[in-house]
Amino acid sequence: MPDLQKICLRETVGGKTITIQTGTVAKQAGGAVTVHLEDSCILTTTTAAREPKLNLNFTPLTVEYRERTYAAGKIPGGFFKREGRPREKEILSARLTDRPIRPLFQEGWNYETMVHTLVLSVDGKNDTDVLAVLGGSTSLLLSEVPWSGPVAAVRIGRLNGQLVFFPTFEERETLELELVVAGKKDAILMVEGGGNEVGEDVMVEALEAAQREINKLCALQLKLVAEAQQGGRKIVKRSIQPPAQPEAAKQFVADKATPEIKKILRRALPKWDLDEAMRALKDGLKAGIVERGKADPSFAGAESWVSHWTEDILYRESREMCLSDKVRQDGRKWNEIRTITVQAPALPRLHGSALFTRGSTQALVAVTLGTPGDMQIMDELEGEYKERFLLHYNFPGFSVGEVRPERGPGRREIGHGALAKRALYPLLPNEEEFAYTIRIVSDILESNGSSSMASVCGGSLALFDAGVPMKGACAGIAMGLILEGSRHAILSDINGFEDHLGDMDFKVAGTRNGITGFQLDMKIEGLSVDILKAALAQAREGRLHILDRMDAAIANPRPELSPQAPRLLRLMIPIDKIGALIGPGGKNIRRIIEEYGVEVDVEDDGSVFIAGTDAAGVDRAKAEVEALSVIPEVGTTYKGRVVSIKEFGAFVEILPGHEGLLHISQLDIKRVNRVEDVLRMGDEVEVKLIEIDPSGKMRLSRKAITHPGSEIDSRGSGPGGGKPRDGERGGHGFRHRERGPRPR
């Protein structure tokens with residue numbers, strides 16, 4: 001691909017060339033770069049507002065990742081023919097960039113900031129999502145934003161026992177392990193991915209290899225920034241001016257709040273009681289400051305700082321208690337798992353369900369089994385495909401005691417659902433073994449930490465309850481970290497309080513044999529691999545403990561599907577018989593659907609899926625479809641259906657797509673004047689196939705059944721029973737049926 005911009009640097013990562021360019025396009029943005037991998041290319045920009053947002057307690061960062069369909073030479077589908085709301089792939093890709101760069105913004109940065117990636121070109125082989133992390137980091141370095149980068153990311157996989165970097169879409173179909181790893185020099189910030197029950201040692205090997213290549217890409221960014229500055233670009237970072245705090249009031253709060261917070265922390269209060277105790281403390285301190293402010297002007301207005309100061313004390317004291325006393329806020333040891341209860345099934349009439357509760361986190365998970373026609377069509381930039389496994393995660397406001405209207409899934413819900421799906425996907429039976437479309441819905445009824453991992457556990461239980469022949473049970477656990485200098489504590493099964501005040505959110509899901517899903521987010525500037533090794537080992541212990549509790553409720557998939565689930569059969573018919581199954585204008589397939597109360601889906605390769613809740617109807621439809629593969633044999637008796645009546649006889653369908661002529665002379669040993677005297681349209685009649693001529697036309701006989709041998713004319717004129725009568729056309733027999741339109 002030709003160079004797009006005037007400053008261009010390259011680095012080789014795992015045999016692949018990564019190119020970063022700047023200096024020509026999008027120059028009004030605060031920082032702008034293009035990143036290239038072969039013929040795939042993205043543009044990433046960073047822009048910060050000129051005026052700050054006041055009274056914010058978070059970093060006002062927005063990350064966007066948008067795909068332009070022209071990048072793949074496509075025009076958008078739908079009525080409007082232009083890109084609209086971001087698709088799930090774009091949302092997940094934006095989160096990949098957001099998570100490693102967000103912890104590196106300096107405290108007090110309150111200028112709205114946007115990191116925006118546009119996908120400009122795709123080659124159909126290389127995914128551009130991981131390039132956006134590199135682009136976001138470099139554009140931040142080129143901008144005025146004070147930010148503690150650089151960071152870089154790589155996609156690493158394990159293929160046939162070997163590690164590969166930036167695997168292609170084709171290679172990713174067969175990877176044993178796939179990770180996106182982001183980090184700074186010698187420190188990991190984020191990991192996202194999964195594997196096919198891989199061991200912890202394999203995971204560590206991949207992370208160590210990824211860190212080496214990340215270091216090279218971080219050095220490449222610094223070199224690019226230096227060349228841009230040498231070329232005349234001025235990069236002046238904005239200064240952060242933290243607002244002045246009233247020191248006398250701050251000391252007043254510290255003296256009053258510190259001993260009270262220590263007492264509150266050691267009471268091991270439940271989430272809601274802890275929140276109420278802190279609220280009461282803050283209210284008392286605010287009232288005290290207001291009263292002091294009447295006599296001391298230095299206290300005037302300081303009540304607005306109380307919440308900030310008390311949260312700082314809570315953060316500091318809770319971490320110190322955990323490190324020094326080796327006890328957590330809720331009274332647990334570092335490696336202790338909260339109480340687990342399981343109910344499976346949880347609800348009647350669902351195909352599969354489970355209620356999984358761990359501490360005060362609770363997930364109601366339902367499984368619905370559908371036919372191949374229920375698969376979701378995924379229209380991605382790389383091409384269209386059908387998805388047979390869907391997992392939808394919902395987080396209603398009442399789960400955390402909030403009043404919040406439902407506005408559809410947000411980025412968090414989509415990300416948590418994708419993580420749970422990734423963890424369960426490797427354990428599903430293949431499509432040949434189990435052709436159902438599977439949808440899991442996880443509704444979080446209570447949340448106090450690790451609801452995504454509760455969705456993994458509940459999803460596994462619900463799949464077992466539905467009778468899906470899973471390869472094994474899957475459990476997930478969220479790990480935390482408190483790191484202060486040389487001291488650290490690794491926490492198993494973190495709750496919401498520890499997620500908020502800790503330094504790491506590390507989720508691991510898998511079976512007894514290995515890891516299937518993995519996600520790591522750091523809230524500090526990186527993590528050493530040694531600590532990560534210890535966290536992985538402790539996570540395995542916790543995962544096995546959870547699996548023991550799950551096995552006590554339901555150890556294996558149920559041997560039979562729920563009576564409410566559709567019965568689904570998969571058959572194969574010759575491709576040239578598809579038209580016969582469908583019939584002219586879809587007439588035949590509609591008749592089967594209506595007559596037997598089933599759903600029938602036909603694929604281009606000859607796969608036929610029959611589904612229905614009535615087992616007898618499914619079996620009858622199966623027999624009719626199977627008959628398409630049967631070759632009619634002379635001398636065999638068939639029970640056929642009259643499909644057409646002519647003056648000279650009736651056409652009878654003896655097998656789907658196979659019709660023969662029942663000549664009027666073969667209706668009875670007595671002379672029949674009119675065919676309608678014996679048969680009507682739609683009648684079922686037992687006939688014998690007496691001849692197939694060289695052209696494939698079939699001739700049938702009814703009297704051969706009622707009076708065996710009578711089908712041979714006494715004059716020896718053969719099965720036709722003599723010459724055609726006046727006005728008849730000779731030579732009628734089997735005719736090919738038209739192929740109707742394929743159902744969608």
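We did not get these values from a lab; they are worked out from the coordinates using the rules stated. Bear in mind the structure is a predicted one, so any value in this text is a computation, not a measurement. Don't worry about glycine lacking a Cβ; one is built from the backbone with ideal geometry, like all the others, and counts go over all protein chains shown.
Sorting ASP255, ASP283 on the 10 Å Cβ count, fewest up front, what's the list?
Fewest-to-most Cβ neighbours within 10 Å comes out as ASP255, ASP283.
Compute the FRET efficiency between GLN28 and GLU83 as 1/(1 + (r/R0)^6), taking r as their Cβ-Cβ distance and R0 = 30 Å, and round to the nearest 0.05. Please report the intermediate quantities before stating the final value.
Details: r = 22 Å, r/R0 = 0.73.
Efficiency, from the Cβ-Cβ distance: 0.85.
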Gain upon complete extension [MET378, ARG512; 0.36 nm per residue less C-alpha separation]: 45.0 nm
Zero-based 5 Å bins, Cα pair distances in the stretch 402-519, whole percents: 2, 10, 19, 20, 18, 13, 9, 5, 2, 1, 0
Lys/Arg +1, Asp/Glu -1 at C-beta; the chain dipole; positive extreme among LEU4, GLY682, PHE79: PHE79
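So what is the diffusion coefficient of the stretch 340-553 in µm² per second by Stokes-Einstein at 4 °C and 1.567 mPa s, using a Kirkwood Rh over Cα pairs?
For the chosen part, D equals 73 µm²/s.
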Size of electric dipole in the stretch 567-629: Cβ of Lys, Arg +1 and of Asp, Glu -1, about Cα centre, debye, nearest 20: 160 debye
Dipole-positive endmost among GLY124, GLY149, PRO167 within the stretch 113-170 (Cβ charges, Cα centre): PRO167
Cβ charges +1 (Lys, Arg) and -1 (Asp, Glu), total dipole of the stretch 340-553, debye: 340 debye
Charge tally in the Cβ shell below 11 Å around THR24, where Lys, Arg are +1 and Asp, Glu are -1, THR24 excluded: +1
Label point 7 Å beyond Cα of THR62 along Cβ direction - residues of the stretch 75-99 with amide nitrogen under 20 Å: 83-99
Inter-site label distance for SER239 and GLU647 at 7 Å from Cα along Cβ, in nm: 10.8 nm
Using a Förster distance of 51 Å, the FRET efficiency for GLU387-GLU484 (Cβ separation, nearest 0.05): 0.70
Label-point separation in nm, ALA254 to GLN564, each point 7 Å along Cα→Cβ: 6.0 nm
The chain: angle of helix 131-142 to the longest principal axis, Cα-based, in degrees nearest 10: 30 degrees
Eligible aspartates and glutamates near LYS670 by straight Cα distance, threshold 14 Å, same-chain separation 8 or greater: GLU711, ASP713
Relative contact order for the chain, counting Cα pairs under 8 Å that sit 6 or more residues apart, in percent: 9 percent
Gain on full stretching of the segment that runs from ARG671 to ASP3 - 0.36 nm per residue minus C-alpha separation: 231.5 nm
Listed peptides 511-522, 664-675, 354-365, 41-52 by packing density, highest first (mean Cβ within 10 Å): 354-365, 511-522, 41-52, 664-675
Subset of LYS223/LYS507; LYS386/LYS533; LYS74/LYS507; LYS216/LYS237; LYS237/LYS286; LYS262/LYS282 violating a 26 Å alpha-carbon distance limit: LYS223/LYS507; LYS386/LYS533; LYS74/LYS507; LYS237/LYS286
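What does the helix-only formula give at 222 nm for the chain: each DSSP H stretch with n ≥ 4 adding -39500 (n - 2.57), the total divided by the residues, and the result rounded to the nearest 500 deg cm²/dmol?
-9500 deg cm²/dmol
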Approximate spin-label separation ASP605-PHE398, in nm, with each point projected 7 Å along Cα-to-Cβ: 4.5 nm
Dipole axis of the chain (+1 Lys, Arg; -1 Asp, Glu on Cβ), positive-most option in ALA420, ALA244, ALA280: ALA244
Helix 451-466 vs. the chain, principal-axis angle (Cα, 0 to 90°, nearest 10): 20 degrees
Folded to 0 to 90 degrees: helix 587-596 orientation relative to the chain principal axis, Cα: 80 degrees
Lys, Arg +1 and Asp, Glu -1 on Cβ, resulting dipole of the chain about Cα centre, debye, nearest 20: 940 debye
Cross-link partners of LYS639 among lysines (Cα-Cα below 19 Å; sequence separation of 8 or more within a chain): LYS622, LYS688, LYS697, LYS703
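Mind ordering 152-165, 439-452 by average Cβ neighbours within 10 Å, highest first?
439-452, 152-165
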Where only C-alpha atoms are counted, convex hull volume of the stretch 1-160 per residue in Å³: 146 Å³
Between the stretch 341-358 and the stretch 6-30, the Cα center-to-center distance that results, in Å: 52 Å
Cβ-based net charge around ALA454, under 12 Å, with every Lys or Arg adding one and every Asp or Glu removing one: 0
FRET efficiency, 1/(1 + (r/R0)^6) with R0 25 Å, evaluated for ASN55 and ALA295 via beta carbons: 0.40
